[in-house]
Every structure is written in C-alpha cells, then in structure tokens.
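K.L.:
Before anything else, here's the structure in question.
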Amino acid sequence: MRNALLALNALVADGAIASYAIAGRAAVSLHLEPLSTEELEVLVRLPTHVDGTATLAALHADIVAQGGSIEDARIRFGTWPVRLIAANTPLLDEALNDATTADVDGIPTRILAPEYLFAIAIVDGCQQDQRYRNHRHLAMFMEHDAVDVSAVRILLARHGFGVQAEEFFTWLDAVATLEPTPSPYWTRIAAGK
C-alpha cells in the first residue's frame, strides 16, 4: 500500500487531483482492525479548470509519471490496485472535506471519518439493492464504539437519506431480535444509541 499512498500524495502535490481520502475496507482497517481487501478505494476530487470542467487526460499522464498503470477501471501502483471514486455527490464531497489525516507507514494519509464510512455504506447498500452488504463492517464500528449513530442519522437526514437511515436501523433492530443473546452492539442499536 505504501507505493499507492506515496503516489496519491504526489498526485495532489502535482495538482493532478485536488484532494483524496482512503475509503472502503482499507479505511475500516485503518480505523479499527486489519481486514483483507483486494483494492484500495480512494475518494477523489479532480481539479477544476477555468471553464469549470475536470479532465481525466492530465490525470492519466500523471498516474503514469508516478509509476502507475491503468488496468480496466483501476490503477495499479506496485502491487496495489486502486479504484478512484469521484466525490460527485454532496455526501461524498462533504466526506472528503471532513477527512482526517493519519500517519500510515510514515506517510501522511487522508482517511474518511467513521461516520461518513458508515453513512456511505448505508446509502450504497440501498442504492444498489444490496441491503447492507457491509453490515459486518458497520457492526465492527459499533462494537468498537468508533461511530456516533446519532451523528450518522443527522448526516443522512441532512443529505436526503433519512428514510434509508431509518430502514437500516429498523433492519438492525429486527436482526437483533433474532440473536439468542444480543451483543452489546445490538442492544445499543435497539436503544437508538
């Protein structure tokens, strides 16, 4: 992952991307505990030009200049495939703005905050009709007290996803009742905390 992180920082320094933050499973791993992942998902904002557009041609050249290669819909830096995800919605844009910087193997790395990872996973699952495919990762955040559920609900409501949020928490409540001995995680969810 080191080569990819160095390249991402160089792409920002060169102006090829305006900003980035690690998202997905890698971000969950960096916040909590290591998870296996096959790629590095990176939320990015491309620089805008005078005419208000962003271009991928310049980004492609800079990726190659940083030692990257483009393979299908992914970029590869060393052994790590990287999937760039445009911050093209108000929720993703806010998530990128509020990302924090952490030291990862001696490299300053921007990472999405847990509340945004949680919210994006809920929205993503609803939009792709893959109901809560990441519920285990969401559960990990809850079990580690690493996410403020009230803040997630407010965040989702502010971005027009209040219904999806309530559907998700209702689903969690139903799942909790199926467990013979609810874990502290499910008990907190059922209590709305």
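K.L.:
Among the residues of region 1-27 satisfying the criterion of being part of a strand (DSSP E or B) and among the aliphatic types (A, V, I, L, M), which is nearest to the chain's Cα centre (by Cα)?
P.N.:
Checking each candidate, the answer is Ala23.
K.L.:
Right, something else. Examine region 38-50 for a residue that is modelled with pLDDT of 85 or more and either aromatic (Phe, Trp, Tyr) or farther than 16 Å from Val82 by Cα (or both), and state whether such a residue exists.
P.N.:
Looking through region 38-50, none of the residues is modelled with pLDDT of 85 or more and either aromatic (Phe, Trp, Tyr) or farther than 16 Å from Val82 by Cα (or both).
Residue by residue, here is whether (1) modelled with pLDDT under 85; (2) crowded, with 19+ Cβ neighbours inside 10 Å holds:
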residue	(1), (2)
Ile122	yes, yes
His137	yes, yes
Phe141	yes, yes
Val152	no, yes
Leu155	no, yes
Gly160	no, no
Ala165	yes, yes
Phe169	yes, no
Ala176	yes, no
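K.L.:
Can you name every residue in region 64-96 that is part of a strand (DSSP E or B), at pLDDT 85 or above and of a type in the set (D, E, K, R)?
P.N.:
Arg76, Arg83 - these are the residues of region 64-96 that are part of a strand (DSSP E or B), at pLDDT 85 or above and of a type in the set (D, E, K, R).
K.L.:
Of these, Ile85, Ile75, Ile17, Ile70, which one is of a type outside the set (Ser, Thr, Tyr) and surrounded by fewer than 15 Cβ atoms within 10 Å (Cβ to Cβ)?
P.N.:
Sole residue among the options that is of a type outside the set (Ser, Thr, Tyr) and surrounded by fewer than 15 Cβ atoms within 10 Å (Cβ to Cβ): Ile70.
K.L.:
Also, quick follow-up: Could you list all residues from region 88-98 that are open to solvent by 40 Å² or more (accessible area, probe 1.4 Å) and either in contact with a strand residue (DSSP E or B) (Cβ under 8 Å, 6 or more places away or on another chain) or closer than 24 Å to Met1 by Cβ (or both)?
P.N.:
Within region 88-98, Asp93, Asn97, Asp98 meet the criteria.
K.L.:
Return yes when Ala99 is touching a residue at least 40 places away in the same chain (Cβ under 8 Å) and under 23 Å from Val28 (Cβ atoms) and no when it is not.
P.N.:
yes
K.L.:
What are the pairs with Cβ atoms under 6 angstrom where one residue, in region 66-80, is under 15 Å from Val12 (Cβ atoms) and the other, located anywhere, is not hydrophobic (A, V, I, L, M, F, W, C)? Sequence gap at least six, or different chains.
P.N.:
Here the result reads Ile75/Gly68; Phe77/Asn3; Phe77/Gly68, each pair linking region 66-80 to a residue that is not hydrophobic (A, V, I, L, M, F, W, C).
K.L.:
Does region 35-47 contain at least one residue that is surrounded by fewer than 16 Cβ atoms within 10 Å (Cβ to Cβ) and within 19 Å of Tyr116 (Cα to Cα)?
P.N.:
Yes, some residue in region 35-47 is surrounded by fewer than 16 Cβ atoms within 10 Å (Cβ to Cβ) and within 19 Å of Tyr116 (Cα to Cα).
K.L.:
As an exercise: evaluate Ile111 against (1) open to solvent by 80 Å² or more (accessible area, probe 1.4 Å); (2) closer than 24 Å to His144 by Cβ; (3) among the aliphatic types (A, V, I, L, M) and give the number of the one condition it does not meet.
P.N.:
With respect to (1) open to solvent by 80 Å² or more (accessible area, probe 1.4 Å); (2) closer than 24 Å to His144 by Cβ; (3) among the aliphatic types (A, V, I, L, M), Ile111 is out only on (1).
K.L.:
Additional query: Need the failing condition index for Glu41 against (1) closer than 23 Å to Met140 by Cβ; (2) not in a strand (DSSP E or B), just the number.
P.N.:
In the conditions (1) closer than 23 Å to Met140 by Cβ; (2) not in a strand (DSSP E or B), Glu41 misses (2) alone.
The values are calculated or read from the model by the stated rules, or taken from the named source; none is laboratory data. What you are looking at is a predicted structure, and each value in this text was computed from that prediction instead of being measured. Cβ sites come from the backbone with ideal geometry, for glycine too, and all protein chains shown count toward neighbours. Just so you know, the surface numbers come from the protein's heavy atoms only, side chains and all, with ligands and any DNA or RNA stripped out. Shrake-Rupley method; radii C 1.70, N 1.55, O 1.52, S 1.80 Å.
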